[in-house]
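I have placed the structure first, in the form of structure tokens, so that the comments after it can refer back to it.
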Ligand code: SF4
């Protein structure tokens, strides 16, 4: 089998504490620390199994590596080193490949940064969320704004020149002024990249359960949709003035600093995910690993008598699904969907496949066809999700 270039994601499913809004799969480390050695062994096993599955003798070739979670830096420095050593042995990454590690203030030390740097991590994505301590406490973040600033200083001192800061708007009790102060403070650190996320209330999370289904009086301290849209538009304009391009609905970067790993995904390219809960998509086949450290470890044959495989779902994507996803992901990108690539990959014209949804949006100039790309007019970026629902085949 010829070498295939892949974006590689590794899920580190541990956090020191669960944030109140978080629906991502992760386990509090105080309960799961005993599982770290088994997790590390299972990752090595999965790497070997993938090489075998893909029928190749050489290591998997990655165009990017993304250590996400969870909180990769919740691991201790020797554990982080063991994980990175396994990845280095099992993957072939060009020295120029983008290698990102997610981190949270309070979990990052100079020692861990030295480990990350030693193994070639050249991009850090830091979950700052807000520079207001009262808001951080409200959403259950384990760190203060001062710890976030200390983490940024440590990252810069370690020589990392590609830094993303995650910020959140729409938080309970957050005013427009709070949000503006957070964005301005983030800009003062001159990060190469900023991700702006609106709070999503999800059932089953602590914050979601506090608000959902209890009547509108309980949502009175949440910024409403208009206020959230205002916060987003203000920040998008402020970042534009500061030289950041909006290349995806939630993502802004200085020129050339767009996240290559995520671009690969949004452009509909193949990717491999390792670790519990990670998703892979390769040659039209998509699978997901079990969202449980214990089951993942068992499934990889490390401990116990596994009856269940480490994968919990596997599906062959239909042509319709792949076309829908290409458009839904592509329209979140400022560049849009490459019309010719769509036709080449699916043997059908985009305008014919979406003959029902397209004309109305184009006549109202919500969608624009320009330079061979179909894209969403910038003014509608914040409501992209509502529009995209019409493109499900
Ligand atoms: S640190 Fe991130 S992954 Fe962990 S609980 Fe908080 S939001 Fe979720």
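Readers should treat all values here as calculations from the given coordinates under stated rules, not as data from a laboratory. Since the model is a prediction, treat every value here as computed from it, not as a measurement. Reconstructed Cβ throughout: ideal geometry from the backbone, glycine too, with neighbour counts over all protein chains shown.
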Shape descriptor, the chain: equivalent ellipsoid semi-axes (Cα gyration tensor, sqrt 5λ, whole Å, largest first) stand at 31, 29, 21
Of the residues 243, 70, 275, which exhibits the maximal mean-square fluctuation in a Gaussian network model of the chain defined by a 10 Å Cα contact cut-off?
243
Between residue 206 and residue 392, what FRET efficiency follows from the Cβ-Cβ distance if R0 is 30 Å, with the result rounded to 0.05?
0.45
Taking the DSSP beta bridges in the chain as the whole, what percent of them are antiparallel, to the nearest 5?
40
Compute and list, largest first, the equivalent-ellipsoid semi-axes of segment 56-166 from the alpha carbon gyration tensor, each √(5λ) rounded to a whole angstrom.
28, 13, 12
Mean projected area in nm² (Cα convex hull; one quarter of hull surface) for segment 162-262:
7.1
Would you compute, for the Cα atoms of segment 101-205, the largest minus smallest coordinate along each principal axis and list the three values in descending order, in whole Å?
41, 32, 20
Using the alpha-carbon centroid of each, what span in Å lies between segment 125-157 and segment 66-90?
21
What FRET efficiency do you get for residue 285 and residue 348 if R0 is 22 Å and r is their Cβ-Cβ distance, rounded to the nearest 0.05?
0.55
For the residue pair residue 153 and residue 33, what label-to-label distance in nm results when each label sits 7 Å from Cα along the Cα-to-beta-carbon direction?
2.7
Within the chain, helix-based [θ] at 222 nm, where runs of 4 or more DSSP H residues each add -39,500 (n - 2.57), nearest 500
-11000 deg cm²/dmol
Normalising by the residue count of the chain, find the relative contact order in percent from Cα pairs under 8 Å and 6+ residues apart.
15
Quickly rank 136-143, 157-164, 316-323 as a protection proxy: mean count of other C-beta atoms within 10 Å, highest first.
136-143, 157-164, 316-323
If the viscosity is 0.692 mPa s and the temperature 37 °C, what Stokes-Einstein diffusion coefficient in µm²/s follows for segment 319-391 when Rh is the Kirkwood radius over Cα pairs?
271
Provide the FRET efficiency to the nearest 0.05 for the residue 329-residue 77 pair, computing r from the beta carbons and using R0 = 22 Å.
0.05
At 0.36 nm per residue, and after removing the present C-alpha to C-alpha distance, how many nm does the segment from residue 314 to residue 379 gain when stretched out fully?
19.7 nm
